[in-house]
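Scroll down for the structure; my scribbles are underneath it.
The values are calculated or read from the model by the stated rules, or taken from the named source; none is laboratory data. In this text, all values refer to a predicted model and were calculated from it rather than measured experimentally. Because the Cβ atoms are built from the backbone with ideal geometry, glycine has one as well, and the counts that use them run over all protein chains shown.
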């Protein structure tokens, strides 16, 4: 059993010794970290070799890390987002692997579209915000970025992918979340 905890991006491998009929007392096998003190793990997957891919959000960026079955960091990759006065983008929301061990992550990053909002409670404060863009990234099994796809619709300030699936041809399917509806879009790696 694998358990991921936050602050920083933290992975802990737990073993379940003995019979499952009695009380189960997990024993920690290893733990590892990647990212800064504010990193939040959001998704995890195992490849065919038993390596663990953990993806999350760190200081407004996507952070994806791959650990071997002993907890050694094999690689980590970061995709930069833009953060205004308040971070609104959810970061990575899902991760998937294909048969070749390539890693696909999706979610929402603060994009180039920005706007201001003024909130008033006794006094008024104006904030500069970056709208969330749906961003999907494919990494090779060695952590090299293969492609990145960004999508948004004008007038929509909260747009992100909330799941991902990959078919045998390497096409990624991402249902997108936005206030007005939920749609599905295929992203080809070709």
Exercise. Is it the case that the range 81-88 has a residue that's at pLDDT 80 or above and in contact with a strand residue (DSSP E or B) (Cβ under 9 Å, 6 or more places away or on another chain)?
Worked result: no
Exercise. Counting only residues that are surrounded by fewer than 16 Cβ atoms within 10 Å (Cβ to Cβ) and touching a residue at least 40 places away in the same chain (Cβ under 8 Å), which one in the range 45-68 is farthest from residue 135 (Cα to Cα)?
Worked result: 49
Exercise. Hey, does the range 13-23 have a residue that's surrounded by 13 or more Cβ atoms within 10 Å (Cβ to Cβ) and either at pLDDT 70 or above or not in a strand (DSSP E or B) (or both)?
Worked result: no
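Quick check on residue 176: is it crowded, with 18+ Cβ neighbours inside 10 Å and either on the phi < 0 side of the Ramachandran plot or at pLDDT 85 or above (or both)?
For residue 176, the condition - crowded, with 18+ Cβ neighbours inside 10 Å and either on the phi < 0 side of the Ramachandran plot or at pLDDT 85 or above (or both) - is met.
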